[in-house]
Amino acid sequence: MVLLQGIGVSGGIAAGRLSFFHRQSDEIPRYRTADSEDEWRRFTVARGKAVQQIQELAELTRGQLRDGSEEAAQILEAHGIMAMDPEYEEDVGRRIRREHINAEAAVMDAAGEAAARIAVSDDSYMRARAADVEDMAHRIVAFLGQPEAPLEEPSLSDVPVILAADDLAPSETLRLDRTKILGFITAGGSAAGHTAILARTMGIPAVIGTGRQMKPEYGGQEILMDGDTGEIVIAPDEETRIRFLKKADKQRQDTENLEELKGKKTVTKDGRFIRLCCNISFPADVSAVLDSGADGIGLFRSECLFLGRKSAPSEEEQLEAYRRVLSVMGDRPVTIRTLDVGSDKQADYLGFDAETNPAMGNRGIRFSLSRPELFKIQLRALARASACGNLSIMFPMVTSVWEVTEAKRLWGQVQTELRMAGIPFDPKTPVGVMIETPAAALISDRLAERADFFSIGTNDLTQYTLACDRQSSIGIAGNAPDSGHPPVCDPYHPSILRLLELTAKNAQSAGIPVGICGGLAADQTMTEYFLSIGVGELSVPPRDILPLRRKIRTLR
Ligand code: PEP
Ligand code: MG
């Protein structure tokens, strides 16, 4: 048994086998070919070998007779069926013959397009298939590169695993099939980093900052992890296993006890209503929102629709995604944040220039305003979606009045165009501003004149106020562990509290509501303080809704 210690950033106990995340090489050769028929032949031969390998792996997996083997075998067999799908085959053929590209590029492009089409489905089963399509394509490409790809042991990721990685980019986390992930462990990262946030939104236990403690030989071993305390146990003994199981049982019991708060109002003892909303990344998350008993959605990170794919989602695709969320939520409020890309949220097709300090660079509203054609597509989709639910929109990473004025000008322009075309929308859609830079907090009196509401992003507000990288573990551990140095990225720092108070005061003076959607919103040690400064909405991951409701109902 080996005990390791990391930092728990997404609560819960997970038990399972450890699998290391292997980044698939993106370097797929791409070139034009004169002999399309030869490329087609290469494709059919490679696909035949891939399918044969898949069948052998499926049989091997099924023969292992362990938990999940049958399911894993069926998933592999589904890969085989996808590889032989006539539509997929036709698309590969068309690309080889009409675009005159090599088989590798055609295989990946056709798979990428098929995956992108199903990645926005609200059916979690279908979304999981998006990653499968690309896995299948990588398998074919492996046979294009070498005449005899070795038959590997079936990868552990064919059954649910605890996944360990150096770090995971947001686009990588999003592309993982959450039904196969029991927990995340990363060597780097930080509590306010996007991987930790996504893990919390997905309700998956996560431990970060394990540094060099994870050794390759732990791969495949049984492990236990505690996303609250950051404990990790490799090859646990019986006593430890029982301790973890008892804790998991207690957590389950606690969750069951909270159920009685579903459908109850979140009111303080003196009758003040606090709106409790969820943060989501995808339309499919809406079912977790409904399950959680939340009053609405306070932050839909719309950029997740743009990450991990090869081209931007079209207006229709976005409209479909926003509409799906709004129609399921009915008259409950849904706040969609406009595209917040840049910094660590990169997508090749968006063509970002290389930046020395991307967190300080072209991100959030700056990026949207630098690409008005792309921004207006999103605004049109949002405006059209406003006709079928209780929508608010908000702008991320604001630092100036001009940005808000300009973004609202484009929003007005889009609304005028829709009006002229006779396309319905809600002209009263509230437009909010995220307060997540010190600049925005310091000019919140002026921003309040132009905003219908504020939503405070404490993750970025902490990063920019304290000049600390929210992605870096230095932020949490201080400069040297054991040095007594307090965490650098300290969201309780007096400077942050002053900015929160200033923002809340300016919102109140202007008569607009203020909420918090950053990670701190879920921190129950802060709830009483938030309410005392006038915060009226907290937006948190689904699993934090009922514990917060319980807490608020005890306050005055
Ligand atoms: C924040 O910065 O607190 C926030 C809610 O936005 P994100 O974490 O997506 O940057
Ligand atoms: Mg932010």
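Note: the range 334-427, Cα convex hull, 100 Å³ per residue. Of the solvent-accessible surface of the range 36-145, computed with a 1.4 Å probe over protein heavy atoms with every protein chain present, carbon and sulfur atoms account for 51 percent. In summary, the aspartates and glutamates within cross-link reach of residue 49, defined as a Cα separation below 13 angstrom excluding same-chain residues under 8 places away, comprise 148. Taking only DSSP H segments of four or more residues, each worth -39500 (n - 2.57), what value at 222 nm results for the chain once the sum is divided by all its residues, to the nearest 500 deg cm²/dmol? Estimated from H runs of four or more residues: -14000 deg cm²/dmol.
Taking N as the residue count of the range 293-387, its C-alpha radius of gyration divided by 2.2 N^0.38 Å amounts to 1.13.
Give the angle, between 0 and 90 degrees and rounded to the nearest 10, that separates the Cα long axis of helix 103-119 from the longest principal axis of the Cα atoms of the chain. In the chain, helix 103-119 runs at an angle near 40 degrees to the longest axis. Rg over Rh for the range 268-552 works out to 0.96, both radii taken from alpha-carbon positions and Rh defined as the Kirkwood radius. To test your reading of the geometry: what angle, between 0 and 90 degrees and rounded to tens, separates the Cα axis of helix 86-98 from the longest principal axis of the chain? Compared with the principal axis, the helix lies near 80 degrees. The angle separating the long axis of helix 124-145 from the principal Cα axis of greatest extent in the chain is about 40 degrees. By the rule of a C-alpha distance below 25 Å, with chain neighbours fewer than 8 residues away ignored, the lysines paired with residue 551 are 246, 247, 250, 262, 264, 265, 269, 505.
Mean projected area of the convex hull spanned by the Cα atoms of the chain, taken over all viewing directions: 27.0 nm². Of the peptides 337-349, 452-464, the order by per-residue mean of other Cβ atoms within 10 Å, starting with the highest, comes out as 452-464, 337-349. Straight-line reach from residue 376: taking Cα to Cα under 24 Å and skipping same-chain neighbours fewer than 8 places apart, the lysines in range are 310, 345, 408, 428. Using the Stokes-Einstein relation with a Kirkwood hydrodynamic radius computed over Cα pairs, the translational diffusion coefficient of the range 36-145 at 4 °C and a viscosity of 1.567 mPa s comes to 91 µm²/s.
Taking the chain, the Cys residues with no second Cys beta-carbon under 4.7 angstrom are 277, 278, 304, 388, 517.
The values are calculated or read from the model by the stated rules, or taken from the named source; none is laboratory data. Because the structure is predicted, anything quoted here is derived from the model rather than measured. Don't worry about glycine lacking a Cβ; one is built from the backbone with ideal geometry, like all the others, and counts go over all protein chains shown. We work out accessible area using only protein heavy atoms, side chains counted, and drop any ligands, DNA or RNA first. Shrake-Rupley method; radii C 1.70, N 1.55, O 1.52, S 1.80 Å.
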